[in-house]
Amino acid sequence: MKVAVFYYSQSGQALRIAEHICKGMKGSIVFREIVPRHPWPFPWSREEFFDVFPETRLELPPFGNEPMDFSDIENADVVMVAGQSWFLSPSLPLQSFFTDPQVMAYLNGRPVIFVNACRNMWLMTSRKVKDYLKEAGANMVGQIILQDRRQNLVSALTIVRWLMHGKKEASGLLPDAGVSEKDITEALH
């Protein structure tokens, strides 16, 4: 079996999750990074973080991604797309990926698994990804959601600390941010 894994990961979390999921797979696995033409910051400044909100929610990916080479993955049996939610929507790099005509042509007729590394509000992202895949003529055969399992208020505080200050580790009374290390390392292997 040949698996093509496309990923966008600012912090490395979505990539690590995809790698752990693929550890148990047999066959050839090819990773392709989704590279935005506009490099999104990490950590974010407060202004940058909130400035991207309208484009994300209105599905206006303004810059697109760098072109991809599909020549060595034309015969992939399964496609995996790993990324994250921004503001209850797929991140702008994922939106640009799913709406790129070259990507849509590649995904047409293929089985796709979507992997979302997120806080805890993934349902709207999942619905939108299903719409993108349907529009591309792809067959969504599965989705894997790995989320921060902490209470909503706690995860809101820790994700802001991580995204704006680059501090994933626990500090003070707050636990570490994002998907737990245990969930990442045990992801389907």
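The values are calculated or read from the model by the stated rules, or taken from the named source; none is laboratory data. All figures in this text were calculated on a predicted structure; none of them were measured in a lab. Neighbour counts are summed over all protein chains in view; Cβ atoms, including those assigned to glycine, are modelled from backbone coordinates with ideal geometry. With ligands, DNA and RNA removed, areas are computed over all heavy atoms of the protein, side chains included. Shrake-Rupley method; radii C 1.70, N 1.55, O 1.52, S 1.80 Å.
Points to keep in mind about this one:
- Here the 3J(HN,Hα) profile of the stretch 90-100, calculated from phi with Karplus coefficients 6.51, -1.76 and 1.60 at θ = phi - 60°, is x, 4, 4, x, 5, 4, 4, 4, 5, 9, 6 Hz, Gly and Pro shown as x.
- Cross-link reach list, lysines versus Lys182, counting only Cα pairs under 18 Å and skipping chain neighbours closer than eight places: Lys23, Lys168
- Peptides ranked, highest mean first, by Cβ atoms within 10 Å: ranges 164-172, 119-127, 73-81: 73-81, 119-127, 164-172
- Full-stretch length increase - Met124, Arg57 - with 0.36 nm per residue and alpha-carbon distance subtracted: 23.1 nm
- Estimated vicinal HN-Hα couplings, Hz - the stretch 66-71 in sequence order (Karplus 6.51, -1.76, 1.60; Gly, Pro = x): 5, x, 10, 9, 9, 4
- Mean ellipticity per residue at 222 nm, deg cm²/dmol - from DSSP H runs of n ≥ 4 across the chain, formula -39500 (n - 2.57): -10000 deg cm²/dmol
- Axis angle, to the nearest 10 degrees, between helix 13-22 and the longest C-alpha principal axis of the chain: 50 degrees.
- Taking only protein heavy atoms and a 1.4 Å probe, the accessible area of the chain is 56% carbon and sulfur.
- Alpha-carbon centroids, the stretch 97-144 and the stretch 1-55: separation in whole Å: 14
- Between Lys182 and Gln102, the C-beta separation translates, for a Förster distance of 35 Å, into a calculated FRET efficiency of about 0.40.
- With a Förster radius of 41 Å applied to the C-beta separation of Val30 and Lys134, the computed FRET efficiency comes to 0.95.
- R0 of 41 Å, Cβ-Cβ distance Glu169-Gln143: FRET efficiency to nearest 0.05: 0.90
- All lysines inside 25 Å of Lys134 as judged from Cα atoms, apart from same-chain residues fewer than 8 positions distant: Lys2
- Which labelled figure in (1) 16.3; (2) 16.9; (3) 19.2 is Kirkwood radius over Cα pairs in Å, once derived from the coordinates: (2)
- Per residue, the stretch 2-116 exposes an accessible area of 45 Å² to a 1.4 Å probe, with every protein chain left in place.
- Interchain or long-range residues, amide H under 5 Å from Asp176's placed H: Ala170
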